[in-house]
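Visitor: Next up is a structure, given as structure tokens.
The values are calculated or read from the model by the stated rules, or taken from the named source; none is laboratory data. Quantities reported herein were computed from a predicted structural model and do not represent experimental measurements. Reconstructed Cβ throughout: ideal geometry from the backbone, glycine too, with neighbour counts over all protein chains shown. When the accessible area is computed, the model is the full protein with side chains, heavy atoms only, and any ligands, DNA or RNA have been set aside. Shrake-Rupley method; radii C 1.70, N 1.55, O 1.52, S 1.80 Å.
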Amino acid sequence: MYRPIWTPNPEQVKCSQLFQFMQQLNQTRQLSLTNYDELYDWSVAQPEAFWSAVWQHSGVIASKTATQALEDPEKMPGARWFADAELNFAENLLRFRDDHPAVIFRNETASRRTLSYRELYQQTAQLTAGLSRAGIQPGDIVAGYLPNIPETLVAMLATTALGAVWTSCSPDFGSHGVIDRFGQVKPKLLICADGYQYNGQNIDVLPRVKSISREIQSIEQIIVIPYMQRRPAIASLPNAILWQDVLVPDNDSIDFVQRPFNAPLYILYSSGTTGVPKCIVHGIGGTLLQHLKEHQLHTDIERNDVLFYFTTTGWMMWNWLVSGLASGCTLLLYDGAPFAPTTEHLWQIAEQENISVFGTSAKYISALEKAGVHPVTQCRLPALRTLLSTGSPLAQESYDYVYRSIKSDLMLASISGGTDIIGCFALGCPMRPVYRGELQCRGLGMAVNIYDPSGQPLISGKGELVCEQPFPSMPIYFWDDPEQAKYRQAYFSRYPGIWSHGDYAERTAQDGMIIHGRSDAVLNPGGIRIGTAEIYRQVEHLDWVQEALCIDQPWLDDTRIVLFVVLKDGLTLTAEHEQKIRDTIRQNTTPRHVPQKIIQVADIPRTLSGKIVELAVRNIVTGQPVTNLDALANPEALEAFRDLPQLQE
């Protein structure tokens with residue numbers, strides 16, 4: 001039996017909202033649930049009762065409640081949640097209107113701004129009136145090309161208060177990447193900042209905005225937020241107006257437009273590395289309900305928390321973060337690079353602002369360790385109680401690092417889900433221990449299972465992560481997909497009627513989860529399926545390996561594993577390095593995992609949200625086209641993988 005690396009004490013368990021929710025169910029529904037296992041089983045056996053209980057527990061504000069929680073439950077896709085309910089997303093996020101801090105904004109400099117819930121409501125009211133005067137109506141699309149600043153939050157709230165649809169890209173997207181996304185959905189209004197800050201540089205985006213507006217004819221007006229300059233020059237932009245000139249200062253109330261539960265709220269985008277990005281439309285009620293469940297029950301967020309997630313506005317974690325307002329906590333918004341001006345910068349902010357829930361990526365945690373950062377000795381973090389990690393699988397060694405070098409008493413919750421569901425399939429559990437290398441639990445109400453290639457559930461072993469029942473935060477549709485052909489192909493083509501998420505995963509003996517990588521990047525030498533994360537976990541533990549990327553290359557009627565590595569501090573890959581890598585992989589996995597080729601590269605290509613792109617590299621290596629370079633943060637890195645002589649021998 002594995003020993004946990006952290007266990008909540010009995011008082012922590014009893015004080016958690018999750019435990020209180022379970023007790024409430026026992027009282028109101030005559031149940032006798034005693035632990036998370038039983039609660040989870042009940043939540044997937046009785047989905048209508050479960051999601052109705054989440055609605056009641058979290059106090060969803062709605063002008064009209066549903067007569068039935070779930071219609072057509074046997075249809076997937078096709079089931080409809082709370083179909084006749086009506087509500088407003090922004091109204092639920094702005095339910096508090098007091099002087100409690102709603103937002104703290106920090107960046108790479110000493111700049112600091114705060115907004116109370118009262119001030120956030122007032123600013124949203126002023127912009128709502130301005131957008132209404134600009135002709136924004138329910139169902140219209142408002143696009144934000146914006147950094148993670150308070151005005152972005154206000155813009156989203158004002159848009160959704162009017163029943164309009166919000167979509168955003170972060171300003172590190174090039175103009176072609178933005179056009180690929182916004183050009184499909186044809187926004188009526190574009191809101192941008194005059195620039196953004198990254199790694200000590202102030203970057204002007206207005207030239208890009210000009211080219212974007214030229215290509216997207218649907219944009220009727222551009223609102224420019226002065227961020228880098230007090231009065232940016234906007235004369236060259238068509239129909240442009242400054243943020244402060246749109247606000248209606250004497251408007252102090254909001255008439256929240258009531259919309260159906262399944263009306264569109266957000267348009268998010270797939271990475272686009274294999275073609276034009278898919279436009280994924282998420283509904284108002286499903287997004288709200290999923291986030292309330294994940295924040296309050298799985299993360300135990302409440303009013304006194306300070307919630308931080310290092311994210312841009314182009315990643316779904318921004319949407320996840322800002323929903324924290326519905327729980328009354330304080331959001332910490334950050335614009336800038338994670339290691340600027342110093343490697344300890346985010347932890348200094350965590351100390352200064354008493355961050356209690358710190359969210360980041362697995363890659364950031366790995367980079368911290370390699371940089372020799374030890375917040376436990378450099379910062380005082382008494383408020384910190386939860387560390388969230390996502391974006392890629394968190395290595396076992398990173399669990400050790402967190403408890404050794406950040407804080408020994410906290411819940412380390414590796415979470416996994418994504419843009420497709422605007423939430424999580426597996427995540428944290430305040431009632432359960434943390435085991436090294438494992439996600440604590442499957443999410444309540446999410447009928448998650450692992451299937452073998454023939455579609456049979458696996459009790460143990462690795463397979464495809466699936467969800468066997470409908471859940472509220474499924475996309476309501478894909479944009480420009482009237483027959484749902486793209487939607488069904490994306491999630492239901494492998495196992496009809498079952499959501500296939502595209503992750504290669506397994507359930508553990510502790511009923512936790514391990515994600516081994518993306519299914520489409522699974523290696524298959526000799527017919528043995530190997531998740532790329534299994535190899536990364538071993539290689540990146542070596543101090544002199546900065547990061548790695550692994551593919552399988554067709555070779556002699558089979559495939560062979562090729563490992564690309566970036567080394568630290570200007571090192572050159574030697575035969576001794578190669579042997580150490582092979583020995584480490586062989587000793588900790590199996591001989592099948594050992595790469596036949598190990599090649600040093602200067603950089604690893606990644607998406608704009610920071611995820612490495614095995615498929616794009618595999619396409620380059622095998623002579624296939626990479627159809628959308630604008631989806632990459634560093635497309636130039638791909639050229640190093642083209643026509644490598646080492647791969648011809």
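Visitor: Being surrounded by fewer than 17 Cβ atoms within 10 Å (Cβ to Cβ) and either in contact with a Ser or Thr (Cβ under 8 Å, 6 or more places away or on another chain) or under 16 Å from LEU647 (Cα atoms) (or both) is the filter here; which residues of the range 616-625 pass it?
Guide: Those that are surrounded by fewer than 17 Cβ atoms within 10 Å (Cβ to Cβ) and either in contact with a Ser or Thr (Cβ under 8 Å, 6 or more places away or on another chain) or under 16 Å from LEU647 (Cα atoms) (or both): THR622, GLY623, GLN624.
Visitor: Return the residues of the range 103-121 that are surrounded by fewer than 20 Cβ atoms within 10 Å (Cβ to Cβ) and not in a strand (DSSP E or B); say none if nothing qualifies.
Guide: Within the range 103-121, THR109, ALA110, SER111, ARG118, GLU119 meet the criteria.
Visitor: Follow-up question, since we're still on this one. What number of residues within the range 527-544 satisfy the criterion of being touching a residue at least 60 places away in the same chain (Cβ under 8 Å), of a type in the set (Phe, Trp, Tyr) and surrounded by fewer than 23 Cβ atoms within 10 Å (Cβ to Cβ)?
Guide: 0
Visitor: Which of the residues that make up the range 626-649 are open to solvent by less than 90 Å² (accessible area, probe 1.4 Å) and without any contact (Cβ under 8 Å) to a residue 24 or more places away in the chain?
Guide: Passing the criteria: LEU629, PRO645.
Visitor: Still on this structure: Which condition number does VAL209 fail, the rest of (1) within 25 Å of THR607 (Cβ to Cβ); (2) crowded, with 20+ Cβ neighbours inside 10 Å; (3) under 25 Å from the mean Cα position of the chain (by Cα) being met?
Guide: Failed condition: (3).
Visitor: Turning to a different aspect of this structure: Test each condition in (1) closer than 13 Å to ILE406 by Cα; (2) part of a loop (DSSP other than H, G, I, E, B); (3) open to solvent by less than 10 Å² (accessible area, probe 1.4 Å) for PHE358 and report the one that comes out false.
Guide: All conditions are met except number (2).
Visitor: Still on this structure, I have one more. With respect to GLN553, determine if the residue is out of contact with any Ser or Thr (no Cβ under 9 Å at 6 or more places or on another chain) and either assigned to a loop (DSSP other than H, G, I, E, B) or open to solvent by 10 Å² or more (accessible area, probe 1.4 Å) (or both).
Guide: no
Visitor: Of the numbered conditions (1) within 30 Å of TYR117 (Cα to Cα); (2) modelled with pLDDT of 95 or more, GLN197 satisfies every one except a single condition; which is it?
Guide: Condition not satisfied by GLN197: (2).
Visitor: If you don't mind, there's one more thing I want to ask. Looking at (1) more than 22 Å from ALA362 (Cα to Cα); (2) modelled with pLDDT of 95 or more; (3) among the β-branched types (Val, Ile, Thr), find the lone condition where THR311 falls short.
Guide: (1)
Visitor: So, one more: Name the strands (runs of 3 or more DSSP E) wholly within the range 139-245 that hold at least 3 residues that are hydrophobic (A, V, I, L, M, F, W, C)?
Guide: Values: elements: 141-145, 165-169, 189-193, 195-198, 201-204, 221-225, 240-242.
Per the criteria, 141-145, 165-169, 189-193, 221-225, 240-242.
Visitor: Can you tell me how many residues in the range 386-406 are surrounded by 19 or more Cβ atoms within 10 Å (Cβ to Cβ) and either under 12 Å from the mean Cα position of the chain (by Cα) or among the charged types (D, E, K, R) (or both)?
Guide: Looking only at that region, the number is 5.
Visitor: Looking at the range 271-287, is at least one residue within 29 Å of VAL376 (Cα to Cα) and surrounded by fewer than 21 Cβ atoms within 10 Å (Cβ to Cβ)?
Guide: no
Visitor: Write out, first by first residue and then by second, each pair whose Cβ atoms fall under 8 Å of each other, whose residues are 6+ apart or on separate chains, and whose first residue, in the range 561-579, is open to solvent by 50 Å² or more (accessible area, probe 1.4 Å) while the second is assigned to a loop (DSSP other than H, G, I, E, B).
Guide: ASP569/TRP544; LEU571/TRP544
Visitor: If you don't mind, another one. In contact with a helix residue (DSSP H, G or I) (Cβ under 6 Å, 6 or more places away or on another chain), of a type outside the set (Asp, Glu) and over 30 Å from GLY174 (Cβ atoms), is that true of THR584?
Guide: Spelling it out, THR584 is indeed in contact with a helix residue (DSSP H, G or I) (Cβ under 6 Å, 6 or more places away or on another chain), of a type outside the set (Asp, Glu) and over 30 Å from GLY174 (Cβ atoms).
Visitor: Taking the conditions exactly as written (open to solvent by less than 20 Å² (accessible area, probe 1.4 Å), in contact (Cβ under 8 Å) with a residue 60 or more places away in the chain, among the hydrophobic types (A, V, I, L, M, F, W, C) and more than 22 Å from ASP41 (Cα to Cα)), does ALA447 satisfy them or not?
Guide: Taking the combined requirement at face value, the residue does not satisfy it.
Visitor: If you don't mind, there's one more thing I want to ask. From VAL322, VAL376, grab the single residue that is among the β-branched types (Val, Ile, Thr) and either open to solvent by 10 Å² or more (accessible area, probe 1.4 Å) or closer than 20 Å to PRO430 by Cα (or both).
Guide: Values: VAL322 fails: either open to solvent by 10 Å² or more (accessible area, probe 1.4 Å) or closer than 20 Å to PRO430 by Cα (or both).
It is VAL376.
Visitor: What pairs come up if the first residue lies in the range 474-490 and is under 21 Å from GLY183 (Cβ atoms), the second is acidic (Asp, Glu), and their beta carbons are under 8 Å apart, counting only those six or more places apart or on different chains?
Guide: Final answer for the pair search is PRO475/ASP420; TYR487/ASP481; ALA490/ASP420.
Visitor: Right, something else. Given the options THR273, THR360, name the one that is touching a strand residue (DSSP E or B) at 6+ places or on another chain (Cβ under 7 Å), modelled with pLDDT of 95 or more and either of a type in the set (Val, Ile, Thr) or over 30 Å from PRO625 (Cβ atoms) (or both).
Guide: THR360 is the lone residue from the list that is touching a strand residue (DSSP E or B) at 6+ places or on another chain (Cβ under 7 Å), modelled with pLDDT of 95 or more and either of a type in the set (Val, Ile, Thr) or over 30 Å from PRO625 (Cβ atoms) (or both).
Visitor: Name the residue, out of TYR117, TYR145, that is within 20 Å of ASN92 (Cα to Cα) and among the aromatic types (Phe, Trp, Tyr).
Guide: Of the residues listed, the single one that is within 20 Å of ASN92 (Cα to Cα) and among the aromatic types (Phe, Trp, Tyr) is TYR117.
Visitor: So, ASP511, is that one surrounded by fewer than 18 Cβ atoms within 10 Å (Cβ to Cβ) and more than 24 Å from LEU70 (Cβ to Cβ) or not?
Guide: When the stated conditions are applied, ASP511 passes them.
Visitor: Only one of (1) among the small types (Gly, Ala, Ser); (2) buried (at least 18 other Cβ atoms within 10 Å of the Cβ); (3) modelled with pLDDT of 90 or more is not met by SER609, so which one is it?
Guide: (3)
Visitor: Which members of the range 589-642 meet the condition of being of a type in the set (Gly, Ala, Ser) and in a helix (DSSP H, G or I)?
Guide: ALA616, ALA631, ALA637, ALA640 - these are the residues of the range 589-642 that are of a type in the set (Gly, Ala, Ser) and in a helix (DSSP H, G or I).
Visitor: If you take the residues in the range 296-313 that are within 16 Å of the chain's Cα centre (by Cα), under 23 Å from LEU368 (Cα atoms) and of a type outside the set (S, T, N, Q), which one is most open to solvent (accessible area, probe 1.4 Å)?
Guide: Restricting to residues being within 16 Å of the chain's Cα centre (by Cα), under 23 Å from LEU368 (Cα atoms) and of a type outside the set (S, T, N, Q), the top hit is PHE310.
Visitor: Next up: Identify, please: which residue in the range 328-355 is over 20 Å from SER609 (Cα atoms) and open to solvent by less than 10 Å² (accessible area, probe 1.4 Å) and is, among those, nearest to the chain's Cα centre (by Cα)?
Guide: Once the filter is applied, the top-ranked residue is LEU331.
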